[in-house]
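One structure below.
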Amino acid sequence: MVPDMKERMLSPSGLNARSRDMFGLRCLPGECVLQRAVLVRKKLTAREGGGWLAGTLFCTHFRVSFVPQDSPKPDDNADPVLLGEHDVALASIEKVVAVGPSRTKLVTPNSSLKFTPEELVLYCRDLRVICFLFDRLTPDTQAVEITYTIAKTYQPLKPGCVLAFQNAALGSVEMKQFLSNRRRDGQMNWFESVDEWERELERCGAKGWRVSTVNDRFEMSTSLPRYNVVPQRVLDTELKRTFAHFNEGRIPRWSWRHPRGSDLLRMSSFQNNIYHEKDDTRNLELVLFGSQWSLCVVVDLGEEMPSPADLHLAHSRLRALCLGDISNSVTVPDDKWLSTLESTHWLDYTRCCLRKAGEVACLLRGGHMTVALQESEDRDMGCLVSSLVQVMCDPHCRTQEGFQGLVQKEWVMSGHRFYSRLNYHRDNDKEEAPVFLLFLDCVWQLWSQFPSRFQLTDHFLLALYDSTHLPLFSSFLANCQRERCKRTQHLTQTYTPVNGWRDVLPRGGLSLSSPTDSVDPPLPSVWDWALQYGGGRLSRFTQPVPPTPPTPPPPVVLNGNLNTNPDIRRMSDTVQGSVFLLSRGSFSSPTNLLPWRGGGGGGGGGGGGVAAAVYKRSHRRAPSSESLSGLERLLKATALTDAPQGLTSTSTSTTGPQGSPLDHYEPLLPLLLGPCMRVWKECYLRGVLHAQAFSHPVSSNHAHPVVRLALEVQQLHEQLALASASSSNSSSTASTINKPPPPRHRRPDANLNQNTNNGTFLFPAPRAQARPVPPAPTSSSSSANPKTSRVNSSASSSSSSSSSSSSSAAHKDHPSAGGSAKHTFLFGPPASSSQDPRAEPRYYPNAKLPHGNRPTIGS
Amino acid sequence: MEKHPAGPDGPKKAGDPRRPSVRAPGEALDSPAGSHVEWCKQLIAATISTQISDPALSKDSDGAALDDPEKFQVQVQLKDVALVTGESVQLRAQDVMYICPFSGLVTGMLTLTDYKLYFNSLEREPPFFLDVNLGAISRLETINVQSHGEDSRGLELVCKDMRSLRFAYKKEADQPELVDLLARYAFPLCKGLALFAFQYQEDFPVNGWTVYDPVMEYKRQGLPNESWALSRVNSSYQLCDTYPSLLVVPTCIPEDDLRRVAAFRAKHRIPVLSWIHPESQATIVRCGQPLVGPHDRRCKEDERLLQTVMDANAQSHKLLIFDARQSSVADTNKAKDGGYESESFYPNVELSFLEIPNIHVMRESLRKLKEVVYPTIDEASWHSSVHQTHWLEYIRLLLTGAVRIADRLESGKTSVVVHCSDGWDRTPQLTALAMLMLDSYYRTLQGFQVLVEKEWISFGHQFTARVGHGDEDHASSERSPLFVQFIDCVWQMTRQFPAAFEFNELFLVSVLDHLYSCLFGTFLCSSEREKGAQELQSKTKSLWSYINSQPEEFTNPFFVDQEHHVLYPLASSRHLELWTGYYARWNPRMRPQMPVQQSLKELLGLKLELQRKVEALQKEASLCDRASPPPHQGAAPLRTAPTCT
């Protein structure tokens, strides 16, 4: 923290700490305004609508904040929000540039300005460029002072600054109290307890697996989470002996099960220089094959995938290209854009990851095999590919909650080295690599090719991208669960949370050798969005028109019992215990693939022989070429989107009438051709200033027409309710109100599913979705008239009860959609839409799968 | 590829209650897909059916195969060529092989009509078909196909719409030579025949020829007014044979002066008004280059005319002349008796060059682009190969120029004169784009048609020469894809302002397809005079008849009519994209993943649904409560009232 902070603070800050409202800026508890400048205009990006916005600019010791002129008076009782719509955290700022009448100057903490800046440009780490224009009426001193203040306090990141920044943001007593009392989102799966892992197993219908607590004290592997999912057949005592055979003890662990019964595993590379005892070998095989006995494909993520160093280089090139050289504001000339873009290789890497994930997804679709992703450390590409596969295959992972759970499972818990890779402290440049950002880019590519299959939006991805640049979140401030826990435990000794320890936020971060750890604020999770952003931004995280309503797969399939694919069945008849290696798009079965088999690994010679004796059936016979070709056929399905060869019999048969319910799980295989890999402009190019020159309010930023329309209908409803209530004819009105469904029509139940029976396009009758009435209008109308409130509550009661279960997307399905509405185009009989909006909570947005004997659609 | 408005002429699928929608002929392949069909109509049907089937679709037809009657119908339909009114089959050839660059050889039947070439094969599952408008054929070539058997003949059709098709066939004695017949109908003008548009006799409920009425259009702009008058000086095309009969010129310039100006301007294309700003009265004026010549000739009348143009706008004491050409080329032109206005002879005039290369450069650029996108797309070096075509760079130049023009008019309140050499190539590109940015009317479905009719067709863009309708001379140096470039720029704008345009991508693709198809009279001939002479209005149909008969197909559901909003597209190559939906649409690997059109249409449906609900509620409200005022009408907020009911 800057030493002269105290002097710099503006005087009123101490006076009215309660109201937290200073000159119209709503401060966080304990936040001090250091400087402000009036009559400033902020340049809006094309996405924000373009143009200029007038207001007041503040610099606090945590952020640079801009409050538009006519922004509503802040509500003192609302929970604190770290960043307002126009704010930027000091830690996100990379460079401060002052533009004078004739010159441009990079302002550093030590530099002095010899001119009064007319314009202040903040270059941010997250590729934003924020531009403020001082008015002629802005007092010169204010313009100069705020530039100085920002330059002095933005803290070019270096070791130690992160902690100061965290303290600035979250360090006040009030804030700590607030964070400790904060309940975390119960909807998403945090994968922190045995229960939560079991919930996931149940959701995926994975049988034959159990949650092992053998690593509870991180004794077996320091980087693995406490709880790991391993085959039921392996006892903990047996399991313990396998850790030594894997790099960093990262044994094969279950990640996900495809509804066709394939399991996705992750593991690090084998330790070759170890003696494989006979018992070990059996356990190793058990662990690797998981719940299957037949077939295991090891997918090598080492060779083809970009290395972290590659990524770092590509990303910094891309940054330079998109942002221009910050210090001299020179950008790559327009006509070189395409070729320079190509030479960054960023898009090649994106394609490479998507391709690999597509291959794995196609393998899994084949059913009844184990696919194990192997990377030497299993902490970078392993995270990326396995989560990408799940985004492709599992619609749940395309919802906001599901996606957050996925990141929690595959990245945060499984030990992606966020702390090193993001390099907040700038003390470990060698380790820095934007692996997670590459993942977000890949997901964005998928999103842009299949927008209507996602419930989350690019706004969400962008917010997540931005949040990775803030060193505030426990999710990103540690390399593994152990580090996170160390900190939490330490804290809980000195600080007792109010709601008991299950409800404490996952806190983390490194205890930075500071002896007085109690001053460290409890760090929130990145998923606590309401802490980070206001409601406006949050509401854009999910689609106004939600994804294609998925057909819930029949429960039998979920249990892994239904195998409709004859080809696959034949494949599973092949030699038990076959292991193949997938590398560079082709399969092989090298003899030394599993070091404990054969005479492979160093020192394992004798043991190998014994193992062979024990496992006669598994590898005395060479893996049959038949299964090899079967696998290759599966893989060809990846190319299917590419190759126009028509459909192989395999895939047609899987998608025949019986198979059609499964199509919901058909992987989203992206097109990978050159034109299809696109630049995430909303992210990388939002800082390109020259491009904003001519931007204009008419842009994609407008509220979605349908949303607007829905809101209008909503208003009409309310007005109707009011009008009729005042006419004292309330009984008849209540019925009229109830007849049309609660109006906030969040989703058209438009079914894009092309694969329903008879191949007919299916457009189920629209279910007008029950939505909770937005609080403001309801409360106002109810306060106006007691009768109205009754009417209103009756109108919205059906909605609020059910929608509370799944907050943002209370999607309902209609059970008979497959039957009567089969040939209804677009929106069928609106009359029927009023009945029972609560029927059949859909599988989709909830984490839980539907159980038991639900009617299946289309059967 | 070409599909027809609804299917009175298409085979009826009688008695199938499960196919509720109107079917266009030839969509059997995607038949089960419901209204996906609409999307497929032009954009995808061609793609998918040509090379493969969309897996999703073929799954559908697979499903349908279980259902015997359906399968039967599919086959029946595929055997028949769907003909448009006035079309007749000229030749059928069995066992023709289509050498598909994506999926190898396909053997099937080739049908040649006087309008299209149709190829279908039932040997593949799902059935395969291919549909090419003869008008789109640029060049016919015989190729060597010895590898496909003795006495096989090979034929390659190089098309204007970015694809090349290769066939191998055996000559049968009793049949006329395929190549000759094909040439006869593909290049009718060279064989003394009329274009197919004159044979096409579809009846449309709407007459597209009435879309553009110059008087009405000028009236909409507030013309005539005290400074500008509608002049009949060119009523019999004596002043300028490539200009329309109705011109808007300054009130105070006598006709004789105009004639003298005409002598001083290339092709007699005098400065006339194209558009006037409703508030500032700043104008866009277009013309041909001044015939200055190497000796700096002057023309008093011309100088006075421009002075009057400047004076007509009280807001500014300047006049800007945008010369679309590269300054070096303009200098060369000067040596060849052309040239540009000298700032010393025209007081208060500012001249700038927009540095846009000529038609030959554009033609070459598109040729290179075709190599990049067809048939194979290189994955690794995609960006650099697109870069090397410079296509996007030229798009950027055009947009930048148009943005500059629009900005000077809107922000500078200054009148602008635009010309290139003859004032019929780059000039309409720039003026039409600038008008599109400035005037929201042109961003509606109707308005865009008016814009094209006005700036392009009536002001004499040389469609005949630039497109080469029915002409064999594929190497003609007069051909150039200027209109394609314009539509590409419009597409770029629709990408950047998705809610600002009432029409959708399908509309733009359809316009380009019919630019070549010779099915409609809209893009035939090069000037109003020629059009009148050929009696196009009575003898052919207008493309707009087809479009406006089914506007819902071409409507963008996100459209928000924001009047008086000026659009400034970002003309940086960072923000331009290659329009793969048009240029690379033949590549089956490029087929869009989502039926985008489909979801858009559903949104439209949803909107209607909601609006109905609102109306019902309003009615209810007024019924149950007469005493209190009815709830706030939805009219004000619902600016997005759809036009498609």
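The values are calculated or read from the model by the stated rules, or taken from the named source; none is laboratory data. It should be emphasised that the depicted structure is a prediction, and the values quoted were computed from it without experimental measurement. Note that we place each Cβ from the backbone using ideal geometry, even for glycine, and neighbour counts take in every protein chain shown. Areas reflect the complete protein model, heavy atoms only, side chains present, ligands, DNA and RNA absent. Shrake-Rupley method; radii C 1.70, N 1.55, O 1.52, S 1.80 Å.
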With eigenvalues of the C-alpha gyration tensor scaled by 5 and rooted, the range B:509-559, Å: 25, 11, 9
Per residue, how large is the accessible surface of the range A:285-438? Use a 1.4 angstrom probe and give square angstrom. 24
With a 1.4 Å probe and ligands and nucleic acids left out, the total accessible area lost when B pairs with A, in Å² to the nearest 100, equals 7900
Those residues of the range B:565-591 for which accessible area with every protein chain present is at least 50 Å² below the isolated value (1.4 Å probe): B:Tyr568, B:Leu570, B:Ser573, B:Arg574, B:His575, B:Arg589
Considering only protein heavy atoms and a 1.4 Å probe, what is the carbon-and-sulfur percentage of the accessible area of the range A:377-497? 45
Using 7 Å Cα-to-Cβ label points, what is the B:Ser411/A:Glu219 separation (nm, one decimal)? 7.1
Mind checking A:347-357 for the average number of partner chain beta-carbons within 10 Å of each residue's beta-carbon? 1
Over the range A:140-285, what relative contact order in percent results from Cα pairs under 8 Å that are six or more residues apart? 14
Heavy atoms of A:Tyr227: accessible area, 1.4 Å probe, square angstrom to 10: 40
What's the carbon and sulfur percent of the range B:420-537's accessible surface, probe 1.4 angstrom, rounded to a whole number? 45
Given a 1.4 Å probe, how much area per residue of the range A:443-492 is accessible, in Å²? 19
Entries of B:Lys413/B:Lys531; A:Lys42/A:Lys95; A:Lys207/A:Lys409; A:Lys486/A:Lys681 with Cα pairs more than 28 Å apart: B:Lys413/B:Lys531; A:Lys486/A:Lys681
Per residue, in Å², the accessible surface of the range B:388-515 once ligands and nucleic acids are set aside, probe 1.4 Å: 19
In the range A:188-245, what percent of the accessible surface is made up of carbon and sulfur (1.4 Å probe, ligands and nucleic acids excluded)? 46
Considering only protein heavy atoms, what is the solvent-accessible area of A:Cys683 at a probe of 1.4 Å, reported in Å² to the nearest 10? 0
